[in-house]
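Values in this text are rule-based calculations from the coordinates and carry no lab data. Computed from a predicted model, the values in this text were never measured in an experiment. Cβ: placed from backbone, ideal geometry, glycine included. Neighbour counts: every protein chain shown.
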Amino acid sequence: MNEPPRKIVVEDEGSGAPLGFIAIDSTIEGRAQGGLRMAPDVSLDELEKLARAMTLKFGFLRLPQGGAKAGVLGDPESGAEARSAVLRRFAKAIRPLLERREYMPYSDMGTSVPEIQRMLKGVGLTVPRRQYRGTPSGEYTAGTVLEAARAAAAVQGLNLSGSRVAIEGFGEVGQPLAEMFVRAGARVVAISTSRGGLYHPLGLDITKLRALVHQMGGIAVQKYDACERIEKSRLKEIPADIFCPCARHDSVKTSDVARMPARVLSCGANCPLTPEAERLLWRRGVVCVPDFVANCGGVLGGTMQFSGWRQEEILLFLERRFRAAVERLIRAALEAGRPLRDMAEDLALRRFDEVKRRTEQPSAAWRCFNAGVALYRAEWVPARLVRWLSKGYFNDRVPYPV
C-alpha cells in the first residue's frame, strides 16, 4: 500500500453546515467501500481508524475492494423521516463519489439496508437488484464473531457450552450473536446498550430482550426485570469467560484491562480496543481475536449472498471452515511468540497488496472474471450458475494459510 488516505468533510450544499465525514484508506481500481454509520458525535478520527480496519478486512479475505468508512451526524434513534432526510442530504452532497463508485456505502451502526437503498434512489442513482438485499450483514458478522470466539476458547481449553458471555452493544450484531451463543449452550450473563447494562449470573432471557429492544430501542434495558441493572462501563468487569465488544471504537482502554476477567475477546465492532489495551491483554494470556478477523463475516457473507448463496449455506460455511482457520492463526501466533494482531495484520496487508497488484496488471483470467461479474450484476448471468462457480472462489479464501 502506497496511496495516501483521503479525508473528506461533507458539507450541506445549501447552508455549508457539516453533515458528516468520509475516510478512504485504500482503493482497488479506484473504488472503496465500507459502512455508513449515523451518530451525533461521529468524527473523522474515528472513521480513519475504521477505514483502515476495512482495508485489513478486505485484505484478510483477499477480496478486491478498497477500505473506507463514512459517518453522518445525526440521531439514530430519531424518527424514520428525520433519518431519511439527513441521509438524503448527505448522499446529495457526495453524489459524484457515489456515481464514480469511489465510495460505495453499506449499512452500519445506526443505519439499515433499506435506508441505504432509499438514500441512493433518493438522489437518482440506480440500485442493482442483486445488491443491498437479503439478510442484514449483522447476522453474518455475528456468525464469524461466534466462530472466532469458539476457536479462541478451544485454544484456551474452554468449552463454549456452559461458558459465560458478556456482550457490549445489543444491536444489529450483538442481538443475533447473543442468540447464537445461547444455541451453542453458552450463558449470556450480561449485555449493554447506550442506555445501560443488565447482568444475571444464570443468564438473561435473550428472546425477551430482543423483543423489547425491537419495540423501544436501547431504553429497553430499563424495562427488563429479574436481573441486576449495571452501569454500561461495568460490563467489562462482570464475571465472564468471553467478552464481545460490539459497540463503538476504543471502548476498551488500558485502564479497563486489570479489571477484565474474560479469557477470550471476540470483537464484533471495528477497533473496539485501543492498541495498548490489546497488547496488555495478549501479554496477560487473554486471546483477543482482532476485529478485522472476528467480524469479517459481514463482508464475507454479504459477498457470498451477492453470489447467490443462501443464508443457511453461508452460516454453515462459516461454522465449518472459518472456525478452523482462526484457530490455526491463533496457534501459529502462539508458536511464533508473536502478538496475534501483528501476525494477522501482516497477513492482511500482504494479501491486500497481492490483490492490488493483480488488478493493476490483470491477467486474461482476471479480465474474464471482472467481465463475468459485470454481466452478473446486470442480470445477464443466472444466480444459480454463479453460485456454483463461486464455491471454488470462496473455498480459496477460507481456510487461510498463515
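Quick notes on this structure:
- Among 141-147, 42-48, the peptide with the highest mean count of other Cβ atoms within 10 Å heads the list, and the full ranking is 141-147, 42-48.
- Once C-alpha pairs closer than 8 Å and six or more residues apart are averaged by separation and normalised to the residue number of the chain, the relative contact order reads 17 percent.
- Computed about the Cα centre, the dipole magnitude for the chain is approximately 940 debye when only Lys and Arg (+1) and Asp and Glu (-1) carry charge, each at its Cβ.
- Relative contact order for segment 166-272, counting Cα pairs under 8 Å that sit 6 or more residues apart, in percent: 28 percent
- Using θ = phi - 60° in the Karplus curve 6.51 cos²θ - 1.76 cosθ + 1.60, the 3J(HN,Hα) couplings for segment 266-280 round to 10, 8, x, 8, 7, 6, x, 10, 5, x, 5, 4, 5, 5, 5 Hz; x is entered for Gly and Pro.
- Bridgeable aspartates and glutamates around Lys253 (alpha carbons under 12 Å apart, same-chain partners fewer than 8 residues away excluded): Glu276, Glu278.
- Proportion of all alpha-carbon pairs of segment 183-334 beyond 24 Å (%): 42 percent
- Annotation: amide H of Glu168 within the under-5 Å range of Cys244, Cys246, sequence separation 5 or more or interchain, hydrogens built in the peptide plane.
- Highest-first packing order for the peptide set 367-377, 56-66, 308-318 is 56-66, 308-318, 367-377, based on the mean count of other beta carbon atoms within 10 Å.
- Close amide H pairs (under 5 Å, H built 1.01 Å from N) link Leu19 with Val10, Glu11, Asp12, residues at least 5 positions away or on another chain.
- Share, in percent, of DSSP beta bridges within the chain that are antiparallel, nearest 5: 45 percent
- Most mobile of Asn270, Asn159, Asn295 in a GNM of the chain (Cα contacts under 10 Å): Asn159
- Relative exposure of Leu120, Leu177, judged by other C-beta atoms within 10 Å (fewest first): Leu120, Leu177
- Couplings 3J(HN,Hα) of segment 78-86, computed from phi: 6, x, 4, 5, 5, 5, 4, 5, 5 Hz, in residue order, whole Hz [Karplus 6.51 cos²θ - 1.76 cosθ + 1.60, θ = phi - 60°; x for Gly and Pro].
- Where only DSSP H runs of four or more residues are counted, the chain gives -14000 deg cm²/dmol as its mean residue ellipticity at 222 nm, each run worth -39500 (n - 2.57).
- The average projected area of the chain, computed from the convex hull of its Cα atoms over all directions, is 18.9 nm².
- Nearest-0.05 FRET efficiency for Arg229 and Gln361, computed from C-beta distance (R0 41 Å): 0.10
- Sequence-distant residues sharing a close amide H with Ser26 (under 5 Å, placed H): Gly67
- Phi-based couplings in Hz for segment 282-297 (Karplus 6.51, -1.76, 1.60; Gly and Pro marked x): 4, 5, 7, x, 7, 8, 10, 6, x, 4, 6, 8, 5, 9, 6, x
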